[in-house]
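Read through the structure below, which is laid out as structure tokens, and then see the notes.
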Amino acid sequence: MPKAETENFDELISDFSRFYILTILYEGPAYGYQIISRFKKRVKKEVSPSLVYPFLQQLEEKRLVTHSQKPVGEKERKVFELTESGRELCTELFKRFADLVSIAIEPSLYVCAHCGCKIYEGAYRETINGKETAFCCIHCARSYTEAKQSAKRMKTEKRSK
Ligand SMILES: [Zn+2]
């Protein structure tokens with residue numbers, strides 16, 4: 001299989017509309033009109049067919065997308081879907097995007113005192129030694145207190161020897 005061209009990928013998705021079209025394709029195959037209506041429903045903004053179709057064509061030329069003719073209702077439609085390279089690039093792109101987003105929301109994040117994972121919302125809190133401590137879940141809270149207790153126990157055992 002020929003390798004996809006990826007050099008100009010950044011340029012290709014340099015705006016939000018194109019980025020969002022990719023997220024729609026990432027969810028599964030769709031035909032042009034579906035992409036346009038999903039876009040409108042979720043972004044609450046119209047996307048012009050004169051952006052969508054040339055973009056799909058560009059993606060296809062770069063072998064990031066393929067299409068097949070499929071019957072939809074009474075009509076035959078061009079159903080577009082991401083190729084394997086297309087999916088890989090999207091995953092990469094979403095990761096990069098997620099990093100950007102987490103930088104933006106980082107100050108409002110809690111970190112689980114036990115496993116260190118980031119808590120976006122609904123931290124589980126427990127007061128430990130008079131200090132309110134945030135955990136991602138009750139299990140982490142339990143492991144954390146158990147670890148503290150056994151550390152304390154070990155100290156006392158050492159002392160008694
Ligand atoms: Zn945790």
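For the reader, a short list of remarks on this structure follows.
- Listed cross-link partners LYS62/LYS118; LYS95/LYS131; LYS45/LYS118; LYS40/LYS78; LYS45/LYS78 are compared with a 25 Å cut-off, the Cα-Cα value being larger for LYS62/LYS118; LYS95/LYS131; LYS45/LYS118.
- Å² per residue, accessible surface of the stretch 4-161 at 1.4 Å: 68 Å²
- Sulfur and carbon atoms: percent of accessible area, the chain [1.4 Å]: 52 percent
- Over all other residues within a Cβ to Cβ distance under 10 Å of TYR110, the charged ones net out to +1, with Lys and Arg as +1 and Asp and Glu as -1.
- Expected 222 nm ellipticity per residue - DSSP helices of 4 or more, -39500 (n - 2.57), all of the chain, to 500: -17500 deg cm²/dmol
- Rounded to the nearest Hz, the phi-derived 3J(HN,Hα) couplings of the stretch 45-59 under the Karplus curve 6.51 cos²θ - 1.76 cosθ + 1.60 (θ = phi - 60°) are 8, 6, 10, 6, x, 6, 9, 5, 5, x, 5, 4, 5, 4, 4, where x marks glycine and proline.
- Model label sites at ARG159 and ARG18, defined 7 Å from Cα along the beta-carbon direction, differ in position by 6.6 nm.
- For the stretch 112-161: Kirkwood Rh in Å [reciprocal of mean 1/r, alpha carbons]: 11.8 Å
- Taking every alpha-carbon pair within the chain, the share separated by more than 18 Å comes to 70 percent.
The values are calculated or read from the model by the stated rules, or taken from the named source; none is laboratory data. Note that the structure is a prediction, hence the values are computed from the model and not measured. A quick note on method: Cβ atoms are made from the backbone with ideal geometry, for glycine too, and the neighbour counts reach across all protein chains shown. We work out accessible area using only protein heavy atoms, side chains counted, and drop any ligands, DNA or RNA first. Shrake-Rupley method; radii C 1.70, N 1.55, O 1.52, S 1.80 Å.
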